1. Given the structure, is residue 86 crowded, with 18+ Cβ neighbours inside 10 Å, over 24 Å from residue 163 (Cβ atoms), out of contact with any strand residue (DSSP E or B) (no Cβ under 9 Å at 6 or more places or on another chain) and modelled with pLDDT under 80?
2. Sort through 107, 160 and tell me the only one that's at pLDDT below 90, within 18 Å of residue 62 (Cα to Cα) and within 14 Å of the chain's Cα centre (by Cα).
3. Of all residues in region 135-154, how many are surrounded by fewer than 21 Cβ atoms within 10 Å (Cβ to Cβ) and assigned to a helix (DSSP H, G or I)?
4. Cβ-Cβ below 6 Å, separation at least six or inter-chain, first residue in region 128-153 and free of Cβ contacts under 8 Å to residues at least 12 places away in the same chain, second crowded, with 21+ Cβ neighbours inside 10 Å and part of a helix (DSSP H, G or I): which pairs?
5. Which residues, taken from region 110-119, are in contact with a helix residue (DSSP H, G or I) (Cβ under 9 Å, 6 or more places away or on another chain) and surrounded by fewer than 15 Cβ atoms within 10 Å (Cβ to Cβ)?
6. State yes or no: is residue 132 surrounded by fewer than 18 Cβ atoms within 10 Å (Cβ to Cβ), assigned to a loop (DSSP other than H, G, I, E, B) and modelled with pLDDT under 90?
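The values are calculated or read from the model by the stated rules, or taken from the named source; none is laboratory data. Just so it is clear, the model here is predicted, and its values are computed rather than measured. All Cβ positions, even for glycine, are placed from backbone atoms using ideal geometry, and neighbour counts span all protein chains on display.
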């Protein structure tokens, strides 16, 4: 039991590191803090399998980071109000897809929109991009074929690209 706990904890730290590795500026939150905050939010939720738990943990970590960005953005609009920040002054990026805080918020909105249209496709993006899960693991967690996961991944990436490009065009 103890070795399983250590293994899961290691996986959670790996997922947290994936989220934090996209930082343009060094975030003030450490992977351990992100893991613990996610664990607190997940403590009373049920999960079907280890992979399902890791997918939920990844989504929860994403939401922790989104909440921190929203708090920072709201604080900028509200002057000198006192606020508590989980991770002040960080922006997310990756070599393949650089993301500022504003872009991450847009990605979050787009994923929420995709989830309303097709929840499975949004879960696949979350599990692979944010959670670092392999397509085979995602297929097992969602109980669908590997080819369906790959097809949904391709569609979702194209849909998000189009959606986010459309937003950029409206801002100019």
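1. Against the criterion (crowded, with 18+ Cβ neighbours inside 10 Å, over 24 Å from residue 163 (Cβ atoms), out of contact with any strand residue (DSSP E or B) (no Cβ under 9 Å at 6 or more places or on another chain) and modelled with pLDDT under 80), residue 86 qualifies.
2. Values: 160 fails: within 14 Å of the chain's Cα centre (by Cα).
Just one listed residue meets the conditions, 107.
3. Residues of region 135-154 that are surrounded by fewer than 21 Cβ atoms within 10 Å (Cβ to Cβ), as a first pass: 135-137, 139-140, 142-148, 150-151, 153-154.
In the following step, the residues that additionally are assigned to a helix (DSSP H, G or I) were identified as 135-137, 139-140, 142, 146-148, 150-151, 153-154.
Adding up the residues that qualify gives 13.
4. Pairs found: 139/149.
5. Residues of region 110-119 that are in contact with a helix residue (DSSP H, G or I) (Cβ under 9 Å, 6 or more places away or on another chain), as a first pass: 110-118.
The answer is 112, 113, 116, 117, 118.
6. Details: surrounded by fewer than 18 Cβ atoms within 10 Å (Cβ to Cβ): yes; assigned to a loop (DSSP other than H, G, I, E, B): yes; modelled with pLDDT under 90: yes.
In short, yes.
Rundown of residues vs (1) more than 19 Å from residue 129 (Cα to Cα); (2) modelled with pLDDT of 80 or more, yes/no style:
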{"site": "3", "(1), (2)": "yes, no"}
{"site": "15", "(1), (2)": "no, yes"}
{"site": "22", "(1), (2)": "no, no"}
{"site": "26", "(1), (2)": "yes, no"}
{"site": "33", "(1), (2)": "yes, yes"}
{"site": "51", "(1), (2)": "no, yes"}
{"site": "56", "(1), (2)": "no, yes"}
{"site": "64", "(1), (2)": "no, yes"}
